[in-house]
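A short worksheet on the structure shown next.
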Amino acid sequence: MQCPFCKHDIPINKEYCPFCGKRITVGFDQIAASVHSDASNRRGEQVTSFLRWTFAGLLVAGAVIYGLNDLWDRPLVYDGADLPAPDAPPSEPSGTGTILKPYKELQPLAAYQGQAPRVFRYRFDPLRNELRDQHGGSAQTTDAVRRGLAYLRTQQETDGSWAARTDNLRIKGDKSQANDFKWAKHGLTALALLAYLGEGETWLPVAGNNPGPYAAPIKNGLTFLMKSQDDQNGRFGPPDGNFMFNHTLATMAVAEAAGMSGDPYLREAARKGVELIERTQGSRGGWGYRDELKQRQDTSVTAWALQALNAAQQAGLKVSPEVLQKAQKFLDDVTDPRAGTVFYGVEGEASGIPKQATPSYAGVTLMLRQLLGESSTSPVVRMLSRRTAEIHPRSKKEWGKDWTDKNTDLDKERALTFDPHRLYFSTYGLFYFGGDEWNQWNTALVPVLLEMQDRDGAWRANDIWSVKVGATYSTALCVMTLQAYYRNQ
């Protein structure tokens, strides 16, 4: 209560004020008011304390919920079923990247000892051979693949890359355009690596096996791609030429290697590659030669971009569903569903579909539509399968071993007929489709590829792309074509 003279707060049981010394007469009303005031003060302090602790509890709960939500949204990593994942490598010092500056070696071999591959297990024995025999392959196709891989090893450069060179094609010098396609080095490197990875070859001891004979070429090729990645925008290789071919192929190869190994540096590199692909998708849903959003989007780059995204998904990386939906719309725009013909690209936002169709791209879109989940019972897919299967693989004896370009009509026929690009996409498109179309195609395909393989294991083609970049391109595609039985399931 307060002293009525000096107004200081004093205990209620004091007869004299300790401040002014005057005697205080306290009535019952004053005592009741004082007690009321003290009780009110105590309740105020209790409410304040309750609110303070409630607010603190809400902050803690919010932090926990945010953390769980962030963990939930992170990309999933396939952890090898019941097998323990290798320990993550030590963190980088601040200010340096995990992929470049300086580049870190891939995970030490000891970290993988005795582990099975994370994903793509069907590419390893014994399942690989079971799938091969089940779907129409044979010991002969396996031998052809092995000879092709041995040839690719002879073409690797000292820096781990595979470069454009046409001296290995045995074509006339005036057809050689390799100097104009030096920019394709990273894409060719990725193609060669994809041929090795498709056969279950790695640089690691997996599936109970020691590293195979191609461990060093694979590791050196991956190292070349990893070192080439821009640590700011995720692009593999320099922005030269039609570099989105390079980038999409490299992303596909690194994603597959990440899935087979679980290597965190490969996974991070693949993630950055995927993000660049997603950022550069055009307004119509396709991709162009460069990372310019307003350029023409074409079916060829889109084909490799979608395969890269598919490989990333299989490796456990996050891919935007909206990107895939837009890509489906692009495939609709470049396809004539009534005739089953496919156009090379869409010319822009308002100019519509180009008038000239590209028949060989029926196999491309047949493959891509099924990769995106379109059913084989779809009328468009069925039409594309018929259009793709119309022209079965064929060859002539003189086109194969020891072939040289004589600039004759026979050479022109060979160039139009033996096209590794068309064979690759058409084979996978019809393999996914299945049925009689696949069986008839495969029956024609195998003899052609066996006959066209040269004595040193290479496939030498004189189609429009092989004469520009060389036998690494044609050999890698033919190897991957003969891996259709078990490469993707």
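Each reported figure results from applying straightforward, stated rules to the coordinates on display, with no laboratory input. It should be emphasised that the depicted structure is a prediction, and the values quoted were computed from it without experimental measurement. In this analysis, Cβ positions are derived from the backbone assuming ideal geometry, glycine residues included, and neighbour counts consider all displayed protein chains.
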Return the long-range amide H neighbours of Asp298 (sequence gap of 5 or more, or a different chain), with a cut-off of under 5 Å between placed amide H atoms.
Trp287, Gly288
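Would you kindly state how much longer the chain becomes between Val47 and Lys172 on full extension, computed as 0.36 nm times their sequence separation minus their alpha carbon distance, in nm to one decimal?
Numbers: separation 125, 0.36 × 125 = 45.00 nm, distance 9.25 nm.
My answer for the length gained is 35.7 nm.
With a ≥ b ≥ c taken as the square roots of the eigenvalues of the C-alpha gyration tensor of the stretch 149-303, please select rounded if a/c is under 1.5 and otherwise prolate if a/b is larger than b/c or oblate if it is not? Display every interim value, and only then the final one.
Values: a/c = 2.10, a/b = 1.14, b/c = 1.84.
Here the stretch 149-303 falls in the oblate category.
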Can you tell me, using C-alpha contacts under 8 Å and at least 6 residues apart, the relative contact order of the stretch 123-202 as a whole percent?
33 percent
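How much length, in nm to one decimal, is gained on full extension between Asp402 and Asp143, taken as 0.36 nm per residue of separation minus their Cα-Cα distance? Each step should come with its number before you reach the end.
Details: separation 259, 0.36 × 259 = 93.24 nm, distance 1.90 nm.
Length difference between fully extended and current span is 91.3 nm.
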What is the stretch 109-482 by shape, rounded, prolate or oblate, if you read a ≥ b ≥ c off the alpha carbon gyration tensor as root eigenvalues and call it rounded for a/c under 1.5, prolate for a/b larger than b/c, and oblate otherwise?
rounded
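Over the stretch 109-482, what relative contact order in percent results from Cα pairs under 8 Å that are six or more residues apart? The partial results should precede the final answer.
Details: 668 pairs, mean separation 78.3, N = 374.
Once divided by the residue count of the stretch 109-482, the mean separation gives 21 percent.
Checking the a/c ratio against 1.5 first, then a/b against b/c, what shape does the Cα gyration tensor give for the stretch 189-238? Could you put the intermediate results ahead of the total?
Details: a/c = 2.78, a/b = 2.31, b/c = 1.20.
Prolate.
Please compute the length gained on full extension between Ala444 and Ala415, using 0.36 nm multiplied by the number of residues separating them and subtracting their Cα-Cα distance. The partial results should precede the final answer.
Values: separation 29, 0.36 × 29 = 10.44 nm, distance 1.81 nm.
Answer, rounded to one decimal: 8.6 nm.
Highest mean first, how do 450-458, 269-277 rank when packing is the count of other Cβ atoms within 10 Å averaged over residues? Kindly include the intermediate steps, with their values, before the conclusion.
Values: 450-458: 18.8, 269-277: 23.8.
The densest-packed peptide leads the list: 269-277, 450-458.
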